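Enquirer: Following this message is one structure expressed as structure tokens.
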Amino acid sequence: MVMHRLFILPILFFAVFSLNVAAQETGVQLLPAKAFAQSLDSVLQKQVVDVRTPEEFQSGHIATAKNINIYDADFKDQLKKLNKEEPVFVYCKVGGRSAKAARTLHELGFATVFDLQGGIMAWESNKLPLAAVEKGIKSEANSFTPSDFDKLLTDNKILLVDFYAPWCIPCRQMEPSLKKLSKEYKDKVIFSRIDLDKAKPLARKLNIESIPVIAVYKNGKELKRVTGFQSTSQLRELIKYLLKS
């Protein structure tokens, strides 16, 4: 037992050391949702930047956040207008866009940059507060409810669900494979796509913090879910698993 512990300690030290070195090299601190929130509360002078699209921003955002769309042609110029002497807290939907933005901020000379790990989905999953949607702006964040999902499960004995978002690149890359397989298994499996930008309460209920997510259900029960891009062969294996279970 003692030798086992002595073996583990150097590994743990190396892991922590590696993380610290990575943070120093990039100049960016990647924080889980609760640590990100605590840091926000503890810093008086700060800048909070939401790099999502205006539509995403209006569906719910962190209080005091400024919306600077990463897809804007002058995105970098807008970042340059921020105060380099103050910490910058940056986030997006799941973390991909904010990671790019954080690197850009560091390259521009911002010394202290905090990136929200898992993005706003992780923030909401941890039941952290969002600023209210502005009046007059129609939000579709709740257009597909948990009750709608329950009905979907009840109505379909064998079901594959693709949890996606229109802006998600891996989601779009998988779409041709899913269409192909839906035709191949049309008499055996029902395929359904759910836009999580329009189903936020459902995402929280199912503890989905990143996308894409593919989940398979039988008789209303989830059998398995996979996260991230899946090739056609991987999706086919998942379907075979569903049919054999």
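The values are calculated or read from the model by the stated rules, or taken from the named source; none is laboratory data. Worth saying up front: this structure is predicted, and the values here are computed from it rather than measured. With ligands, DNA and RNA removed, areas are computed over all heavy atoms of the protein, side chains included. Shrake-Rupley method; radii C 1.70, N 1.55, O 1.52, S 1.80 Å.
Enquirer: Could you pull the accessible area for E184 with a 1.4 Å probe, rounded to 10 Å²?
Expert: We get 90 Å² for E184.
Enquirer: Could you sort out which of K46/K66; K188/K224; K218/K244; K151/K240; K157/K240 sit more than 19 Å apart by Cα distance in this structure? All intermediate terms of the calculation are to be shown ahead of the outcome.
Expert: Values: K46/K66 11 Å; K188/K224 17 Å; K218/K244 11 Å; K151/K240 24 Å; K157/K240 15 Å.
Violating the 19 Å Cα-Cα cut-off are K151/K240.
Enquirer: For C168, tell me the accessible area in Å² from a 1.4 Å probe, rounded to the nearest 10.
Expert: Roughly 10 Å² of C168 is accessible to a 1.4 Å probe.
Enquirer: Which value, in Å² and to the nearest 10, is the accessible area of R97 when all protein chains are kept and the probe is 1.4 Å?
Expert: Ignoring ligands and nucleic acids, R97 comes out at about 20 Å².
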